[in-house]
1. Anything in region 129-152 that is out of contact with any helix residue (DSSP H, G or I) (no Cβ under 8 Å at 6 or more places or on another chain), open to solvent by less than 70 Å² (accessible area, probe 1.4 Å) and touching a residue at least 60 places away in the same chain (Cβ under 8 Å)? List them, or say none.
2. Would you pick out the residues in region 137-151 that are assigned to a loop (DSSP other than H, G, I, E, B) and out of contact with any Leu (no Cβ under 8 Å at 6 or more places or on another chain)?
3. When you go through (1) among the aliphatic types (A, V, I, L, M); (2) open to solvent by 30 Å² or more (accessible area, probe 1.4 Å); (3) in contact with a Pro (Cβ under 7 Å, 6 or more places away or on another chain) one by one for Val126, which number turns out not to apply?
4. Cβ-Cβ distance below 6 Å, separation of 6 or more or different chains: which pairs start in region 153-171 with a residue that is touching a residue at least 60 places away in the same chain (Cβ under 8 Å) and within 19 Å of Gln204 (Cβ to Cβ) and end on one that is among the aliphatic types (A, V, I, L, M) and surrounded by fewer than 18 Cβ atoms within 10 Å (Cβ to Cβ)?
5. Identify the single condition in (1) farther than 20 Å from Asp85 by Cα; (2) touching a helix residue (DSSP H, G or I) at 6+ places or on another chain (Cβ under 8 Å); (3) open to solvent by less than 40 Å² (accessible area, probe 1.4 Å); (4) more than 16 Å from the ligand (Cβ to nearest atom) that Ala226 does not satisfy, given that it satisfies every other one.
6. Which of the residues that make up region 153-168 are in contact with a Phe, Trp or Tyr (Cβ under 7 Å, 6 or more places away or on another chain) and either open to solvent by 30 Å² or more (accessible area, probe 1.4 Å) or more than 10 Å from the ligand (Cβ to nearest atom) (or both)?
7. Consider Ser236 against the criteria (1) among the small types (Gly, Ala, Ser); (2) free of Cβ contacts under 8 Å to residues at least 24 places away in the same chain; (3) more than 24 Å from Ala89 (Cα to Cα): it satisfies all of them except one. Which criterion is unmet?
8. Looking at region 67-90, which of its residues are within 19 Å of Ser253 (Cβ to Cβ), under 14 Å from the mean Cα position of the chain (by Cα) and open to solvent by less than 20 Å² (accessible area, probe 1.4 Å)?
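The values are calculated or read from the model by the stated rules, or taken from the named source; none is laboratory data. Keep in mind the model is a prediction, meaning the values are calculated, not measured. Every residue, glycine as well, gets a Cβ built from its backbone with ideal geometry; the counts of neighbours run over all protein chains shown. Accessible surface areas use protein heavy atoms only, side chains included; no ligands, DNA or RNA. Shrake-Rupley method; radii C 1.70, N 1.55, O 1.52, S 1.80 Å.
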Amino acid sequence: MTWQDKLRKVEPYVAGEQPKIVNMIKLNTNENPYGPSLKVKEVISNIDIDKLRLYPNSDAVDLRKALADYYNLDEEQVFIGNGSDEVLALTFLTFFNGKEPVLFPDITYSFYPVYCDLYQIDYQLVKLDDNFKMNVNDFMRTNSGIIFPNPNAPTGLLEDLDFIETILKNNPDSIVVVDEAYIDFGGKSCVPLINKYENLVVIQTYSKSRSLAGIRLGIALGNKEAISHLYDVKNSFNSYPIDYITQQIALASILDDQDTKAKCAKIIKTREMTKQRLKQLGFIVPDSYANFVFVKHPDIDGQELFKALRKEGIIVRHWNKERIAQYLRITIGTDEQMEVMLQFLTKYLKK
Ligand SMILES: *Cc1c(COP(=O)(O)O)cnc(C)c1O
């Protein structure tokens, strides 16, 4: 056997590109168009560099305390990781070890099947209906775990708390993970259900609503016992995933919630305007509750439109995948950025 025969071969997740194009309008990775809280700037200017000699606090205790206060939970119910992608990776590794398949939607965050392949976890796709809605009855079969984003990505569609409670009640022997990456853009968080259902784990990120994709911070919230197992796995892999600077920045951000709320409100307003205008142009626009819209036009090929936009320096996201190849996912930027895009689309459709 060669060393190549002994490899773990995986097909990695491909993140949206970070191209170096001057004056581009970057609407492809759901970053926040507005910068983080100014309190973050203050913290960075005051970083004591001598602190960098030392290993950071391995459990980010101060940040953990602040998050617990923010979410009305105990500190032991809060897990902190290096971006929610890492939190998700540890979540799959910790909770999804049964013999039955893990369930998630066929159209969803494309990292989920990658984790399953990496850890050799069996999974079954739950097919969304033609309007991209999940059917709660599809989550009533035996499984080793359930995961979906709410709002779902890349569709932007939101499920209500009744839907989530029905799944939790009917799957008491599995961990149900709700990935709330986009919950701050108009959805209702299921965090208050955590003390009611011990099988619920909620994941959130600092990358989108808090405008801090650059620091890499994600969190998991759940019952004390589940979270302690997540820490055990994390500490068997990397004790110090959150560096000292990130801990200080995140702390400043969580304490300035007003700033986050104001920026999210602006994005929601721009999103609703964008939906209206796209509909007027003939686009099919599912009702997104996230900081992006997922749209297609009956007369234009998705890939073609993606390329035409790119030529204009407007970068959006397109997947050459079954069921969604005609769709584009467009991040909500500033009003000005959306205006440029809408003007271009208007011109393009006239041709
Ligand atoms: C963006 C995103 C994440 C990852 O966020 P990071 O914290 O930046 O790793 C996780 N889940 C979904 C559904 C996302 O869209």
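1. Phe132
2. Within region 137-151, Met140, Thr142, Ser144 qualify.
3. (2) is the only condition that Val126 fails.
4. Filtered contacts from region 153-171: no entries.
5. (1)
6. Of everything in region 153-168, those that are in contact with a Phe, Trp or Tyr (Cβ under 7 Å, 6 or more places away or on another chain) and either open to solvent by 30 Å² or more (accessible area, probe 1.4 Å) or more than 10 Å from the ligand (Cβ to nearest atom) (or both) turn out to be Thr155, Gly156, Leu157, Leu158, Ile167, Leu168.
7. For Ser236, the exception is condition (3).
8. Gly81, Gly83, Ser84, Val87
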